[in-house]
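Heads up, the thing below is written out as structure tokens.
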Amino acid sequence: MTRKRQGYGPGRGELVVVVDCADVRRSAGFWTEVLGYLDAGGGSTRYCTLLPADGQGVEVLLQRVPEVKATKNRIHLDLRTPDLDAELARVVGLGARVVSSEPFSEFGWTWHVLEDPDGNEFCVIQPPAEHWAEDAS
């Protein structure tokens with residue numbers, strides 16, 4: 001697989017999303033299944049690199065940290081999907097926990113807030129139909 005690094009700004013560098021976790025192996029198993037990424041290892045028990053299976057997209061770096069998550073994340077991942085219910089069921093089946101009791105809805109976007117096995121929040125979100133139509137053109 002040839003990997004295309006996800007840059008930011010012209011010639012500035014590479015964008016990587018870092019996710020703190022207590023157990024790198026458990027988190028790698030969860031996020032590779034949720035994102036369809038590959039576990040590229042990391043050479044230690046503290047870090048693990050996850051890469052898009054097709055070589056296109058942002059690298060996710062899992063980082064083992066000693067402290068437990070205590071408050072709301074200031075940055076989180078959104079998984080945008082055309083089928084909210086199906087994607088919600090899929091990620092819950094992989095070990096996510098739904099935090100929102102009812103879906104949120106705003107400007108045609110509908111979503112649920114979830115937590116990964118380490119308590120990190122992320123959203124499964126269904127954009128309005130016209131969002132997907134823009135990609136087709």
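The values are calculated or read from the model by the stated rules, or taken from the named source; none is laboratory data. Because the structure is a prediction, the values reported are computed rather than measured. We place every Cβ from the backbone using ideal geometry, glycine too, and count neighbours over all the protein chains shown.
Any residue in the stretch 38-55 that is touching a helix residue (DSSP H, G or I) at 6+ places or on another chain (Cβ under 8 Å) and at pLDDT below 90? Yes, that holds for at least one residue. If I filter the stretch 60-83 for residues that are over 22 Å from residue 117 (Cα atoms) and in the same structural domain as residue 133 (by TED's automatic domain parsing), do I get at least one hit? Yes, there is a match, as at least one residue in the stretch 60-83 is over 22 Å from residue 117 (Cα atoms) and in the same structural domain as residue 133 (by TED's automatic domain parsing). Scanning for something over 30 Å from residue 4 (Cα atoms), surrounded by fewer than 18 Cβ atoms within 10 Å (Cβ to Cβ) and touching a Pro at 6+ places or on another chain (Cβ under 9 Å), does the stretch 83-103 turn up at least one residue? Scanning the stretch 83-103 turns up at least one residue that is over 30 Å from residue 4 (Cα atoms), surrounded by fewer than 18 Cβ atoms within 10 Å (Cβ to Cβ) and touching a Pro at 6+ places or on another chain (Cβ under 9 Å).
Out of curiosity, is residue 54 more than 11 Å from the chain's Cα centre (by Cα) and within 17 Å of residue 39 (Cβ to Cβ)? So residue 54 passes the test.
Identify, from the list 33, 14, the residue that is free of Cβ contacts under 8 Å to residues at least 60 places away in the same chain and among the acidic types (Asp, Glu).
On the way: 33 fails: free of Cβ contacts under 8 Å to residues at least 60 places away in the same chain.
After applying the criteria, what remains is 14.
Within the stretch 78-128, the set of residues being free of Cβ contacts under 8 Å to residues at least 12 places away in the same chain, over 30 Å from residue 67 (Cβ atoms) and in a helix (DSSP H, G or I) comprises 85, 86, 89. Of the numbered criteria (1) of a type in the set (Lys, Arg); (2) under 17 Å from the mean Cα position of the chain (by Cα); (3) at pLDDT below 95, the one residue 97 fails is (3). Residues satisfying the criterion are present in the stretch 82-91 (criterion: closer than 23 Å to residue 22 by Cβ and at pLDDT 95 or above).
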